[in-house]
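Enquirer: Provided herewith is a single structure, encoded as structure tokens, for subsequent inquiry.
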């Protein structure tokens, strides 16, 4: 087609097959490029282990197709983190990013401390507020207030514990596979998805520290497996705002019909200015 191309980065499994329906629904006039990771021809191991390295390499690839911006970038799952870094590097180099699109992206694990710690005055104000609330209640009400406060704190701690436990389990699986590679020196084809997800994408996500992006982003999120934060942790990173669209699907289902039909229809509105 003759329109500006859309570049879509692979997800956590390292392939782009799941973009098939989206590419078809956007129409033949919209060139669609899926970006896959570079692998060593003999061992089938990934040539890049860090998000910044992948982003720099993929920028070289897309510039072979489109030498100048504006660039239309999209990423699903882990690909969302990579396209975010691509947009950062392109912008820093003076290139224009026309669209930064997330499709149910991975959550950035190492966000900068965008909220300063509370000052002594703010802490004192919080204590005063709790004191005033307690003074307005009777004995039973005070007990209920304290119990509810403790319950909310316990729930927050449980979520932190669960995330830490899940993160540790992923690390163990990744290390186990690394030991296998040290022994076999080759990634079996049947384990390619597992390898990229747990040995490359997972650790790369944990090592990546995203910074504020001087632009806008669009995010489609699945509602059936959402942990409560609809922005998946991205809301405070794009300085010009994050436009969010809910899709009633699972994480993997969002790229399948009929759910991807909604994504494609709304995405066309964002692509329309880029003929």
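Enquirer: Please give the contour-minus-distance gain from residue 209 to residue 29: 0.36 nm per residue of separation, less the Cα-Cα distance, rounded to one decimal in nm.
Expert: 61.2 nm
Enquirer: How do 240, 261 rank when sorted from fewest to most other Cβ atoms within 10 Å of their own Cβ?
Expert: 240, 261
Enquirer: Would you work out if segment 1-115 is rounded, prolate or oblate? Take a ≥ b ≥ c from the square roots of the eigenvalues of the alpha-carbon gyration tensor; rounded if a/c is under 1.5, else prolate when a/b is larger than b/c, oblate otherwise.
Expert: rounded
Enquirer: Please work out the Cα center distance from segment 202-275 to segment 3-19, rounded to the nearest Å.
Expert: So the two Cα centres are separated by 14 Å.
Enquirer: With an 8 Å Cα cut-off and a minimum separation of 6 or more residues, compute the relative contact order for segment 8-114 in percent.
Expert: 28 percent
Enquirer: With the cut-off at 1.5 for a/c, could you classify segment 212-275 from its C-alpha gyration tensor as rounded, prolate or oblate?
Expert: Oblate shape, in that a/c is at least 1.5 and b/c is the bigger or equal ratio.
Enquirer: What is the spin-label model distance, in nm, from residue 121 to residue 134 if the labels are put 7 Å beyond Cα along the C-beta direction?
Expert: Spacing of the two 7 Å Cα→Cβ label points: 2.5 nm.
Values quoted throughout were computed directly from the atomic coordinates according to the rules given, and no laboratory measurement underlies them. All values derive from a computational prediction rather than experimental measurement. Note that we place each Cβ from the backbone using ideal geometry, even for glycine, and neighbour counts take in every protein chain shown.
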